[in-house]
1. Scan 2, 24 and give me the residue that is at pLDDT 95 or above and closer than 20 Å to residue 109 by Cβ.
2. Hey, among the residues in segment 78-97 that are assigned to a strand (DSSP E or B) and open to solvent by 10 Å² or more (accessible area, probe 1.4 Å), which one's nearest to residue 19 (Cα to Cα)?
3. Anything in segment 1-42 that is open to solvent by less than 40 Å² (accessible area, probe 1.4 Å) and outside any strand (DSSP E or B)? List them, or say none.
4. With the requirement that a residue be assigned to a strand (DSSP E or B) and more than 16 Å from residue 60 (Cβ to Cβ), what does segment 99-122 give you?
5. Scan 105, 100 and give me the residue that is farther than 25 Å from residue 16 by Cβ and in contact with a helix residue (DSSP H, G or I) (Cβ under 7 Å, 6 or more places away or on another chain).
6. Residues of segment 63-81 being under 14 Å from the mean Cα position of the chain (by Cα) and more than 20 Å from residue 24 (Cα to Cα), which ones?
7. Considering segment 53-63 alone, what residues qualify as being open to solvent by 70 Å² or more (accessible area, probe 1.4 Å) and modelled with pLDDT of 95 or more?
8. Going by the conditions given, is residue 66 open to solvent by 30 Å² or more (accessible area, probe 1.4 Å) and in contact with a helix residue (DSSP H, G or I) (Cβ under 6 Å, 6 or more places away or on another chain)?
Amino acid sequence: QVQLVESGGGSVQAGGSLRLSCVVSGRTFSSYAMGWFRQAPGKEREFVGIIWRGGNTDYADSVKGRFTISRDDAKQTVYLQMNSLTPEDTASYYCAAQRNGRYRNPGDYDAWGQGTQVTVSS
């Protein structure tokens with residue numbers, strides 16, 4: 001079992017950048033693929049991106065080219081670098097851990113953080 005804690009959210013103007021962090025406790029961090037999701041008020045939680053154990057990544061089309069996920073297994077931390085932010089990126093952002101292979105739906109994940117709020121103003 002792992003526990004996840006996100007940080008780094010805040011308010012930024014359109015065009016700005018933020019980096020979110022997700023610290024994972026537990027001995028098996030390196031065996032997990034780590035995903036990022038986001039949820040805006042009144043909307044379903046949506047896939048943002050994922051990084052697998054070997055460092056390969058995949059992203060939602062809406063963030064591809066603007067967001068980058070990385071991981072530091074020694075620090076048991078996964079990062080979400082967000083550039084060129086727009087008001088449409090405003091949401092609570094969640095990191096999540098999984099080991100089952102499927103990854104685009106929230107139900108594919110075994111553990112979640114509490115979320116961190118990102119607000120982008122125009």
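1. Working: 2 fails: at pLDDT 95 or above.
Testing whether each residue is at pLDDT 95 or above and closer than 20 Å to residue 109 by Cβ leaves just 24.
2. Start the filter on segment 78-97 by keeping residues that are assigned to a strand (DSSP E or B), which leaves 78-82, 91-97.
Filter again for open to solvent by 10 Å² or more (accessible area, probe 1.4 Å), leaving 79, 81, 92, 94.
On the way: 79: 7, 81: 4, 92: 14, 94: 13 Å.
Among them, the one singled out is 81.
3. Going residue by residue through segment 1-42, those that are open to solvent by less than 40 Å² (accessible area, probe 1.4 Å) are 2, 4, 6, 8-10, 12, 16, 18, 20-22, 24, 26, 29, 31-38, 40.
Matches in segment 1-42: 2, 8, 9, 16, 26, 29, 31, 32, 40.
4. Hits for segment 99-122 are 111, 112, 116, 117, 119, 120, 121.
5. Criteria check complete, one pass: 100.
6. Answer for segment 63-81, where residues must be under 14 Å from the mean Cα position of the chain (by Cα) and more than 20 Å from residue 24 (Cα to Cα): 63, 64, 66, 67.
7. The first filter runs over segment 53-63 and keeps only residues open to solvent by 70 Å² or more (accessible area, probe 1.4 Å), leaving 53-54, 56, 61.
Correct list: 56, 61.
8. no
The values are calculated or read from the model by the stated rules, or taken from the named source; none is laboratory data. This one's a predicted model, so the numbers in the text were calculated from it and none came from an experiment. All Cβ positions, glycine included, derive from the backbone under ideal geometry; neighbour counts span all protein chains shown. The protein model used for the area step is the full one, side chains on, heavy atoms only, and it has no ligands, DNA or RNA in it. Shrake-Rupley method; radii C 1.70, N 1.55, O 1.52, S 1.80 Å.
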